[in-house]
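Working notes, beginning with the structure itself.
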Amino acid sequence: MKKPLIDYKSIIRPSIIIILFTLCISLALPLAAGVYIYRQDLKPNPDDEISVYLRRYDKVKKTLKPGDVVGYIAEPGLTIGERDKRLFLTQYEMSPVLVVLSTDIKTVIGNFESPASGRKTIAGKPLVVVKDFGNGVMILRNKKL
Amino acid sequence: MMLSFLMFFLALIIPVHVAFIAMIVIWPIRPLSLGSLVLTTCLAAGLAIGATSCAFFIWLLVFGSPDRGFIFLEPVFLIMISSGIWILSRTGKRTRSLEKTKEVKEKGRMEAALLVIFCIAVFSAFVVSVLMFIYKPHGTWDAWAIWNMKARILYRAGDGWQKILLSITSGRPHPDYPLLLPGTIARLWSYMKIDSLVVPAAISLIFSFGTLGLLTSSISMLRTKKQGMLAGLALLGTVYFILYGASQTADVPLGFYILSTVVLLGLYDAVDDDNKALLVLAGLMAGFAAWTKNEGMLFVISVIAARALAVLYFKGWKKALNELAAVCIGLLPVLIMVLYFKIRMAPPTDYIRAQTTAMMLKKLVDPSRYLLVVKEYIKQIAILGNGLMFILAAYLIFAGRKIDRNNLPTVVTICGALTAVLIGYFFIFVVTHNPLAWHLESLGRLLIPLWPAALFGFFLIAGGD
């Protein structure tokens, strides 16, 4: 009779050990972190810069569907770094809606410091406000298209 | 919520367990020790994450958005693989088991003290990682602008994912970066039915601590436990490694796969077992490095060339051809997938798209660019790990060199591969289309994936057992 390549016991035993090992780690580490966080009175931070910024788009997301293409406009005068950061954050939050840095698209997302700043920016442009979410984010329409 | 996290746990643990069984079948280490268990678990985790990411990508290509069918079929398929391995193992040819290469009984105050320091360092690193998640739940810029955004597209876009991925990433930074990390995250979200921020953070944690476990356990097995812990401490002492690990970017996952490749080559060399399965696995891990980040492709070319030359020199051309063939068996399936992604689905890389050959040639003959890059290389290598390089140099001077003859091909492979990668980065900087000074700021980050493998090579050379 052929001898098996490995003894079945040699799989069972390490398998049990690995499951226990993984369970121990997956329970012990979060537990340790939990105790630390509790003792330090820390909470998951809902107010980090990115989360706060992204929350502005909560309502906008509901108005668009995957694969939609929308334009994007922000205040002029931003540094390239700041403009890109805001655009990429908008894209990150709106994915899988495609956000393009252009106003030559029928629907455009306006991302401004405030509603007043937004209205000032679009003055003189062929853009009309479709929805103002009151936090500097607006859905705009290009009336030429 | 509980059900989501149960699904998350199952989606992780089932593939890791199957990979673990595969590992101990093809590489049965006896006697079972904590070191071998950690080593096998870390390799199994990397293997499982890489393989399921590839499987998820192929599912997306063939069947589109993952539905209930995927969540039902994948575990069934994995259990079938695990049963198949078990059945094959009962009928196949018996291979010699790989005994632990070094059975050194090391007890004493030194080891106990090191163990205490090591545990404190591990716990501190864990707390830092958790705090990073608490304060930056979306990760750093690259995490949300590249990796997590791609994961969101794969998960949220439905059947139109290919078109949407291409449209969204075109014109953005690094549109051609491959999909191991986004695929892994999206796969877990598909099981959980929610795109939880915990998933990218957990994957980061697995790769960070997997790299640590792999480095510590492999050095413990190939050298001594003391050196294993020193290697681990050196890695934990590299603050940027922990911070990048927790940043949810792909640098530490890439470092994990680079380390896995060289560790598997090291294990193959260390034992006169001629277990080619280790070489196949090394090829697979190198393939996963290429599937993680573009830099991984450079590593694949470098490690293949360095390994071929090392084996040619130490073992002769027949052995070199045999080994190369075994590595390629593991590497090719993943490489074909990466090339398919690059050719069919990804826009051309920024470096090619943004400039002409003439512009690149002009930069190649500009000595001022070379000078700037050399200066930055010296600076970044010197400050890597907050002066750790000097401590390691001092350690080498005091402890001396002690290279096991069997480890020589591995050491040469590591030195050759890492040097080739650094030379590759050097010329990418020289011809970059970005402002050079600005682009060079990323050099410190590019060194992080190479660091664990460099430490592995260092502790194969250093004495002080």
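List B:Ser260, B:Ser124 from most exposed to least, where exposure is judged by having the fewest other Cβ atoms within 10 Å. If you can, show how the numbers build up before the last one.
Numbers: B:Ser260 29, B:Ser124 12.
In order of increasing Cβ crowding within 10 Å: B:Ser124, B:Ser260.
Using the Kyte-Doolittle scale, find the helices of chain B whose mean hydropathy is at least 1.6 and whose Cα atoms extend 20 Å or more along the helix's long axis, counting only whole DSSP H runs.
Answer set is B:2-26, B:34-63, B:109-135, B:198-222, B:408-431.
Please report, largest first and rounded to whole Å, the three semi-axes of the ellipsoid equivalent to the protein assembly as shown, where each semi-axis is the square root of five times an eigenvalue of the C-alpha gyration tensor.
43, 28, 24
Note down the nm distance, to one decimal, between modelled labels 7 Å out along Cα→Cβ at B:Cys328 and at B:Glu441.
4.3 nm
In Å, what is the Rg of the alpha-carbon atoms in chain B, and how long is Dmax?
Rg then Dmax for chain B, in Å: 21.7, 64.
Alpha carbon centre of the range B:244-296 versus the range B:446-465: separation in Å?
Taking the Cα centre of each part, the range B:244-296 and the range B:446-465 sit 14 Å apart.
With a 10 Å Cβ neighbour count serving as the proxy for reagent exposure, in which order, fewest first, do B:Cys42, B:Cys54 appear?
Ordered by Cβ neighbours within 10 Å, fewest first: B:Cys54, B:Cys42.
A short reminder: the numbers here are calculations on the coordinates, not readings from a lab. Keep in mind that this is a model prediction, so the values were computed, not measured. Virtual Cβ from ideal backbone geometry, glycine too; neighbours counted across all protein chains shown.
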